[in-house]
Structure formats: structure tokens, C-alpha cells
Amino acid sequence: MPKIKVNGREIDAPADKVLLETCLDHGIDVPHYCWHRGLSPHGNCRMCLVKLSTNPRKPEIACMTRPSEGMEVTTEGPEIDGHRKAVLEYMLVNHPLDCPICDKAGECDLQDFTFKYRDGVSRTKDPRETKGTVDLGPNVKIWGSRCIACTRCVRFCEEIAGTSELSLINRGNHSVAGVHPGVTLDNPMSLNVVDICPVGALIDKNFLYQARVWFAKKTETVCGGCSKGCNVTVTTLSGHLKRIKPRTNPAVNQFWMCDAGRLGWRWVEGPDRLKVARGSVAEAASALSAAFTQHGRGAIGIVASSAQTTESLHLLKQLADASGAVVGFVGATGPEWTSKSGWRIEADKSPNTAGIQRVFGAVPGLDAVQSAAANGQLRALVVVNGLPGAPFPEAFVTAAASVPLRIVADVQDSALAQRAQVVWPLAAWLEEDGTWFNVDGRVQRIHAALPPPGMARAATEWLGALLLELGVRAETSSTSALFAEATGLEWDRVGGAGWAPSASAQPGDAVAQPGAK
Amino acid sequence: MSHPVHTDFQPAIPKTRSFSEAVRAELEQICARYPKREAALLPALRLLEREFGMVDPPGMIHVADLLGVSPAKVFGVFSFYTHYRRPTDGQYVFQVCSTLSCAMGGSEGITDHLCHKLGIPVGGTTADGMFSVKKVECLANCDQAPTLQVNDDFVDRVTPADCDRMIAEARAAGPAFPAAKDYHPVGYRPPAQVYHLPEHAAKGKGMLLNHALEAGSDTLAHYRARGGYETARALYQSERPPEEIIDLVLQAGLRGRGGAGFPTGQKWKFLAKNDKPRYLVINADESEPGTFKDKMLIDRDPHQLLEGILVSAYALRSQTSYIYIRGEFPEGFRTLARAIDDAYAAGFLGANAFETGKRIDITVHRGAGAYICGEETGLLSSLEGGRGHPKIKPPFPAVEGLFRCPTIVNNVETICAVTHIVKHGPQWFRQWGTEKSPGTKIFSISGDVVRPGCYEIPLGMPLKDFIYDVCGGIPGGKKLKAVIPGGSSAPVLSADEVLRAENPICLDFDSLAANGSMLGSGAIIVIDETRSMVDGLWNLLRFYAHESCGQCTPCREGTGWISKIAGRFARGGATADEVDLLDEVAWGMVGRTICVLADAAALPTRSFVKKFRKEFEDAVTAPPRPKAAGHQEH
């Protein structure tokens, strides 16, 4: 592996990585726009110019330079600052001073580099070129005058999505990202272009003018839209949801997430949320006890959804074991899609089916519970859902109506909830802590980004209290304790990037680092 | 900006476009000339033009479908180039060349006259859809300034009366007027008619233009009658090692005639040795302002070029050659296509060249209006079916070029010289020129000179002798002010420098380089005492701003910025501190870009400001052309 020196410091530089990536990996800051870890390099912004011992006459771009043995690189100092100052000055010639009305403000590379490398003085006197504000598709709009023609968005659509809806159009200082007339930017992961746009040219229409990011709170969690488990960051402002963006995780979603997951949060603050409880934990426990005492094992039915956390599933398992309950699960499915680069959107539109497998050893459907309900075997039914959009089939709702005691914990109102004696409003996945196992068996933590509304609580709270009341558990426990009980794994192993234990992993096994095969 | 800018497309266009079976078959034949289908994109857009009179969204979607590329890619390519017919174009498009030599010849008056007569602004089209007026950049016809191109045809030394006559004819005839592709306006010079040439070339004292005045010189019969293709035949039928031919070219000291002046033999030696196909690409994009010599070689002696390709391809072990010709030379394209067809028919090209079993194919590929496609990697990007974006170097084309294979890109004039070197030997070639700049060069001279035109002369002649003794000096006995010696990208020389008796500046690579300029393409623009250097610089900077491909930050924004500063010096509104600012902003682009278009704009700018500083300083209070009411903003 070539050994190079960067600013006098000797480092190992893999031959298959460009200089820029190696510098960044070693914490050496080299400002850049057009290069991105997930895309092929292009070399057009010229921001990453550095000095190389191999070419003393002029600077070279670090993003397309491969290291050679003994190469000496300078990324700091007055000469390099001069290049950065100059490149920025050119970039600011026509870029509009839109910061006060631009969504990107506060997370904008152009702002950040200008603040760091320039002195705030403009030498231009001429009117600026304008390039049109254009709707590119259902979700994305471009403020063309802000576009710096870096082509990240073009390369994303070509190399990752594979749908190639974008190109640079026109020439010279009218170059701008655009679509063919009438052929819109509309693919299942289109909004990633907004994330990777270094400036505020590409804008998410759903987030337009919704929040100034420096007032917002950011919560790291995992998307509950499917079993892929993309790592995300949720932006809230004053306790309200504003935006979900992907968080980098090479082992799960790389740098991306899909549009459906990204936009799938409006229901959380929608009008259908259950906010008022009907029936207390004590009342429910008493009724359940009575049913068990009178009718014995098999008289209770338990239904949960694959949106439930591992911890909540564990509590349900304890209840099921204690009562010999008939158990069934409900999920959600939808279209799957694989991008050109192999990035996949799963058909299982729930986040913790693998968690059910892990805790219960199997994932039975609703049939057993439904027929036990219909033929009068069940005296009590406990439903803990969490999936929005009424996932229960008509037949199940009808059969459930004949069970004498119905306890329903859910996020949204439904026919099932309306006919239940006990209704406990649930926190949505964005409002609770816990863990999920994704389709690859990787366990990842979720964190509440906002508090649940009204009387809604996390399922672990309702169930913890219920099991305490029933005497199934001696005490309520923390999420981490429940996780350890449920999986036999160590909570501390599950960091911000999750953990992929092998099927036979034991507590104390080595941590699988992100990116490890 | 006078070049069309696309943000919204207009409605009232058909919903679908579909080529006939015959045209689809034609497209397939075109695709077969390239290793990747995508490379047929520029020719496919020309087919849309031909079949439907324009390139429009339904046409682009159809082509995208046929070639297996995305509509966005097609639109990105189409919108990059200026020369494709748009839905908004009239039946007759008046393209007024507006770059320096034609501006000096009165092109602005022609533009104003046309716009006034037709009642439309620059870039506009008459309501009846008959006429459009566009300002275009250098059409490589500078000795015939001002030049007008009406659709495909050149009109030399156009006058307002010529314009009125053309418009009146078209209007009077109405629908009966010949269809646009059959129409040849007043002043049109059909290819058979000879060019104005000076005595040097007519007497055969050079190498390349010896026969350019002769009727029929563009035909195969004429070429063969003077020994044409015999050098190639002998070579292909021999077992000579190709390296021997490379050595001949190296010994002859031939240097690139397109602008860079790089030793040709040395460039050929850089060609990577691996299993990939090797490409020889001929740069016929001739767009450097002031240059019009390759057009002459193509129009008047196309077979000389083809034989040069045959010989060079042998030396390079290449079986595939492309000639990239700028879009504004449709006549040149047709001439080359005819010549190539004849050469195939005669058995000189194809799978069995000269019946030796050796293969050599030549394909002509038309550009579509972009100076940056004269930059070798911009050319390759365009040839591959893309926007004319220069590529990051390294890797260099000789290692990884066209379709990522080893590629040599050479200028038309350079390749034409190769046959003569191989036929007569390096020492014969060295009878002309200097030690380090051997041979002859075709110089294009225009501007304030009595006898503008193409001249093939030995390298090394003092510049002042060339201007005054050979080309007749300056009309009206005016005094010289400045000379651009090698195309607009060459730093300007002041009269004092040019007229210097001691150690005069000579027309060879090294003398000009030693004097802070360059031989470049050999395009000489003579500027007399009545001209404003401020106005001249603004004209050239508008050119570079229009032609910047837009990829990289310093050039994309810098060329536009210095053009605007120069505009305020020319028309009023500049401040005294901006004289140095102009210099700084120009210099700030250099060394920080993907290609040297930035340098081509910056270094001349610095030379104008340095050598004519007083004119810029004076322009702050007395601009040479204050804003005139009603005059179209550029």
C-alpha cells in the first residue's frame, strides 16, 4: 500500500481510493462539492485543489488523483487557501444571495466554505445570470440560479437509481440540472438528489419553507416503512415532524433512503390518531385474569403487528407463555424494487418481522386466532398493532367481534378499536424507543423523535404495566434490560449503526463493524 | 446571451415522431460505424433535422428510444450545441458571424439591418415563420468578412443590399420559393468555384495548396492523376514496420498544425501498446477565431487528407479513423463524404485496402456548433455521443481516449503533411522552415489587410514581412496598431513589437513563444490604428463566454465575468480599479480548470490590458461605444 505524506504526516493510502477519500478518512478536511463517496468522481467543481509533489507547477484535484508511493500532498496553507478563495469567488459570481429564503441554509456547503475561506467581499457589479425555477417532478423542484452544475444529481440518477431522468442542460454559465421536457424526475428514490445537492438548488417540495434547520431538533432513528431498516435522521421543530433524511450506514442503506419511507410520516400527526384511553390497565388485567381462571389455557388470543419493537414482542411472548395463548401476527406488504446499483426496497412494509422470528421462533398469520375467535374458543383477545392504515382484513374484524373481551392497543382509530372494550392509544414508531431486526437480521435501535400525543404511550409501557398487574413480571424494566432478556444479546453492542449478530451469536461475541461482510 | 437558452419548450408540436423504415435502416448503418450505439446520437439528431425540419421533444424521445439512452441524455446533448434547428427557427436562418474579423468587417451593421428589415430582435423569428436572425461565432470565413450563413450556405462579403434581395426573393415567391435545402442565396459560392488565392500557392511553391486553384481538385480522378494514393498503396503493400513511419515523421520534426504545436511523431509514440482498438481522430472542428485553412483543405483537396489518414493509420496500427467536422461546414461534410465513398469504391478503404487484407475505415462525424469540440477531449466526448465536455487528464488520449481506447487526435493540416513526408522524406520536408519549426504552414490572415486569405509559406518568415510584403499591408495606408498572430487565443502583439527591426518576431513556434505569444493555428488578425482594443477584447471575451462548456467553476463563471467587465469598459460603467480587476479575474482562472479554454480567454486578456492599458483607462470616462438606444444587448 503506498505511503504518502499529507501536510507532513505519513499515512497509508490505499491504491484503489482517490486522494480525497483517503484524506477524509484520516480526518483531513478537504472541501469539495462534486465528489461523493457513493458516486463516480467528476472533477468539475475544482474546490478540492491541492498541491502535489508530483506536479509542482499547478494544483491538482484530489478527487481524481490516485496516490503514488512517496507522494507529498499539501492541503492547507496560504497557497491552498488562495485556490479555495478563488474557486469560491467564481462560484459566487452568479449564485443568488438567497440564503434568507433558501431551505438549505444552515446545512449548505457553499455557506460553510464561504464562511471559512472568504472575507465576505464581492467584487462583481454586473447583474447575475438567472436560470429558472422549474418543477422537475412530483417531489423535487430546482431553483436553477443556485445550481453549481456539480452533476451529483445527474450521476445519482444514472448510477444508483438507474432511471437517468436528469442531465446538465444548456452550456456555459447557463448550465443547469434539468429534465427532458415532459419526462419528470420520478423514481422510488428520487429525493436523495435533494440530500446530495451541495447547495439549495434541488429542493424537496414537502419540506419547502417548513423549518430553519438551526432551530430544529435532530433525532437519529431507523425508518419503519419496510424491513430494510434504513438509518435515518428525523428533523422536528417545536415537537412537530418536519422531515426525515437518510443517515449513512454502509451495511444497510449506504447513503440513501426511498421516497415512500422519507415521506411516510404525515399520518403520525394526522387526524386518525387515537389519543384517549378507554379502560385502565388494572381493569384489563382483572378481566384477563378472570378469563384465564375460568377457561384455562388457550382462552386468550394475542395478535401483534410486525411494527412492534423487540422489547414489546418479548412482553407479549411472556404473556403468551404464561397463558398458553393462541398467537398470530399481522403485517403489511407492498411493491419491492431494486435499483440499477442493487439498492433494494423490500416488499415487507413493516420493520420487525425478523424480530418476531427471533422472539417467537415463527411468524404465524392471523388464521389460528381468527378461527379460534370465530368458533368461540377465545374468551379474550389482545391486539397490539402499530401499523397505520387498517391492516386487519374484514373477516378478522368480524371474528374478533364475537370474542367477549377485546383489548386493542393501536395508533389509529379503526372498526376494531371502536368495538373494543379496552382501547389503549399507542405511540407510533417515531415516538418510541426500542429495537428492530431488519431483513438481514441486523438489530438497530430506534429513538423517539417526538412525544406521543394525548394518552398514547409506547407498547412496552402498556404491556409492562399489564404484566406487572397480572403478576407475570415482578417489575417494569428498561428497554435495554428487556432487549437483553428478549435476545440474549448485549445492549451495548447495538450502537448507532446497529449490529449484525450471527444466528448463533452469544453475549460477548465480537462486534460486527459496519461494512464488515 | 445570443445563443439559444432552453428552459421551457414551446407547445404546438406533434405528439409523436417516427422515422420511416428506410431512415431507421440508415440509422442502423450509422450505428454500425461506432463500437457503441450512443455515439450515433449527434448523427441521429441530424436525421431528425433532415426528416422533420427540426429537433423537438417528440423527436428526441424517439431517438432516445432507438439508441437506448434516456431522453434527458438526448436533451442534454441537444441543448449543449447551437447548430441544430429548433422548432422556433424560421425556414431561412440568417446566421451572422459576429466574431472579431467579421465584426471588423461590419457584421453589426448587417445584424442591425436584418433585424430592422424583418422587424425582429436578434434570435427572433418572423411571425410568418420564414426568417430568423442569429448572431453566431466565427464561421471560419474571415477573409470574406462580413460572412453570412443562410441555412447551409455561405454568403461572402455580404452587404445590406444582398440581404434585401434575398428577403425580397423569398417573400415574392412565397410557397413557390425553393425549399430551404435547395435554396442558394445571392453571393453563394458553390464548391466548384475557386477561392481567391495568392501567388505563392498558385505557383506550387508549397506542399499542401499546390493544386487548390485547379478545377476538379476535389475529385478522385484529379488526385490520382497527380500521383495520389500511390504513397499509401506502396506502404500498405509493403511490409514496412509501422515504427519506421513514425520515425520519419519524428525526424521531419512535424509539429501539430491545429494550435498546440506538439511534435507529431512524439505524440504518436505515446500511443499505448495493448490489445484495445486504436483510433485516429482528425480534428476538423476549425473554430479558433481567425482560422480558415482546414476548410480550404477539405473543400479543395479532400483526398489529400484521406491519403494522409491512410498513411498515418498504418503508422499507428489503427484500423478506424473518424473525421470530426464542425457542424457549420455542411458543404465540407458532403465533400468529404463523397470523397470517402469514392475511395471505398476504388478499394482504398475498407476491409481489404489496396487488396492487402488490411482494414482501414474512415467515418465523418458532424459536430453541431461548439468551439470546445476543437479541444481534443471535448471532441472525443462529442464523438462518443455526449456534450462536448473535455475530460480530466490524466489519463491522456494516447493511453485512454475515444471509448477508453488509445487514441491520437491530429489536426487536418498536420495529417495532410504526413503523406508528403513519407513520400519525399524528412530532409525534403526540412527544406522549408527552421530547425525547430520545419516545413510549411498555411496561415489564415484577415482583418485590416489588403489581401486576406490562406497562404502556405515556409515557417520562419518575419511577421512584418508577411503582412506588408506578401499580403499587401494595411488598406488606406493606415498605421498598424496590433496583430493577433495565432488565433484569438494567442496573446496580442503591439505594433512596436511587430515592426521591430532588431531580432524581428518570426512566424515560427519558438519565435512567437519567446515573444510571449504563440503560433497557434496560424490565424493572423491585423488591427489598424482606427480600432478600439477595448471593443476588440469585448468581442473576443463574448466568444469565450459563449463557448465555455460550463463544466468547471472558474471558466464557467470567470469567462462570463470578464466578458461583462470588458463590456462596461466598451460601453461605459467600468471603474478605474477594474482595469486591474480584469487582469486578476482572468489570471485567477489559469491553472485551475479542466482544459485550457480558460487560458485561451485569460492570456489574451492580460496581453490586451498590459499592452493597451491606456485605452482601458481612458474608457472609464470615454467608452469607445456608449450604449446606443435600441441596439440589441449581446
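None of the figures in this text is laboratory data; all of them are computed from the coordinates on show. Since this is a predicted model, take the numbers as computed values, not measurements. Neighbour counts run over all protein chains shown; Cβ positions are idealised from the backbone, glycine included.
The 3J(HN,Hα) values that the Karplus relation (6.51, -1.76, 1.60; θ = phi - 60°) gives for the range B:214-221 are, in residue order, 7, 4, x, 5, 8, 9, 5, 4 Hz. Gly and Pro appear as x.
Put simply, the convex hull of the Cα atoms in chain A casts, on average, a shadow of 27.1 nm².
For trypsin sites (Lys or Arg not before Pro), the sites in the range A:203-282 that DSSP calls loop and that have at most 16 other Cβ atoms within 10 Å are A:K205, A:R212, A:K275. Listed from fewest to most Cβ neighbours within 10 Å, the set B:T414, A:T114, A:T476, B:T621 follows the order B:T621, A:T476, A:T114, B:T414. Scoring A:146-156, B:421-431 by mean Cβ neighbours within 10 Å over their residues and listing the highest first yields A:146-156, B:421-431.
Binning the C-alpha pair distances of the range B:440-526 at 5 Å intervals from 0 yields a P(r) profile of 3, 16, 30, 29, 17, 4, 0 %, listed from the shortest bin outward. Database remark: amide H of B:V136 closer than 5 angstrom to the amide H of B:V96, B:C97, B:S98 (H placed geometrically; neighbours at sequence offset of 5 or more, or on other chains; Pro and chain starts carry no H). Computed from the C-beta positions of A:A362 and A:D272 and an R0 of 25 Å, the FRET efficiency is 0.20 to the nearest 0.05. Potential lengthening of the chain between B:R404 and B:K610 amounts to 69.9 nm, from the contour at 0.36 nm per residue minus the alpha-carbon distance.
3J(HN,Hα) along the range B:483-497, derived from phi through the Karplus expression 6.51 cos²θ - 1.76 cosθ + 1.60 where θ = phi - 60°, amounts to 9, 8, x, x, x, 4, 7, 8, x, 6, 10, 7, 4, 4, 5 Hz, with x in place of Gly and Pro. Note on A:R419 and B:R500: their simple-model spin labels are 10.3 nm apart, each label 7 Å out from Cα toward Cβ.
Per residue of A:87-96, other chain Cβ atoms within 10 Å of the residue Cβ number 5 on average. On the beta carbon distance between A:E283 and A:W214, with R0 = 51 Å, the FRET formula returns roughly 0.60. Mark the label point 7 Å from the Cα of A:R118 along Cα→Cβ and return the residues of the range A:137-153 whose backbone N is within less than 17 Å of it. Within reach of a label on A:R118: A:145-150.
Put simply, the amide H of A:V222, placed in the peptide plane, has neighbours under 5 Å in A:V232, A:H447, leaving out anything fewer than 5 places away on its chain.
Once a ≥ b ≥ c are taken as the square roots of the eigenvalues of the Cα gyration tensor of the range B:533-621, is the result rounded (a/c under 1.5), prolate (a/b larger than b/c) or oblate (a/b not larger than b/c)?
prolate
Each of A:W214, A:W267 has some number of other Cβ atoms within 10 Å of its Cβ, and from fewest to most they run A:W214, A:W267. Placing +1 on each Lys and Arg Cβ and -1 on each Asp and Glu Cβ, with no other charges, gives the range B:352-499 a dipole about its Cα centre of roughly 120 debye.
Candidate cross-link partners of A:K5 among the lysines, defined by an alpha-carbon separation under 27 Å and a same-chain spacing of 8 or more, comprise A:K17, A:K51, A:K58, A:K85, A:K116, B:K393. Here the translational diffusion coefficient of the range A:1-103 follows from Stokes-Einstein with Rh set to the Kirkwood radius across Cα pairs; for 4 °C and 1.567 mPa s it amounts to 89 µm²/s. The distance between label points at B:R50 and B:T621 comes to 6.2 nm (points 7 Å beyond Cα on the Cα→Cβ vector). The separation of the range A:375-407 from the range B:579-625, counted between C-alpha centres, amounts to 80 Å. 3J(HN,Hα) along the range B:534-543: 5, 5, x, 5, 4, 4, 5, 6, 5, 4 Hz, from the Karplus curve 6.51 cos²θ - 1.76 cosθ + 1.60 with θ = phi - 60°, whole Hz, x for Gly and Pro.
Cross-link partners for B:K464 among the lysines, with Cα-Cα distance under 26 Å and sequence neighbours closer than 8 places in the same chain left out: B:K203, B:K205, B:K293, B:K295, B:K436, B:K441, B:K478, B:K479, B:K481, B:K610, B:K611, B:K614. Note on the protein assembly as shown: Cα-only Rg and Dmax are 36.5, 124 Å.
Simple point charges give the picture: +1 on the Cβ of Lys and Arg, -1 on the Cβ of Asp and Glu, and for chain A a dipole about the Cα centre of about 900 debye.
When GluC sites (Glu not before Pro) are flagged only if DSSP places them in a loop and at most 11 other Cβ atoms lie within 10 Å, the longest unflagged stretch of chain A comes out as A:70-474.
Taking amide H atoms as placed 1.01 Å from N in the peptide plane, list the residues 5 or more away in sequence, or in a different chain, whose amide H sits under 5 Å from that of B:T363. Residues meeting the criterion, in which the H sits 1.01 Å from N, are B:S321, B:Y322, B:I323. Ranking of B:T111, A:T248, A:T293, B:T231 by neighbouring Cβ atoms within 10 Å, starting from the fewest: A:T293, A:T248, B:T231, B:T111. Beyond 27 Å in Cα-Cα separation lie the following of the pairs A:K205/B:K73; B:K276/B:K358; B:K36/B:K423; A:K242/A:K349: B:K36/B:K423.
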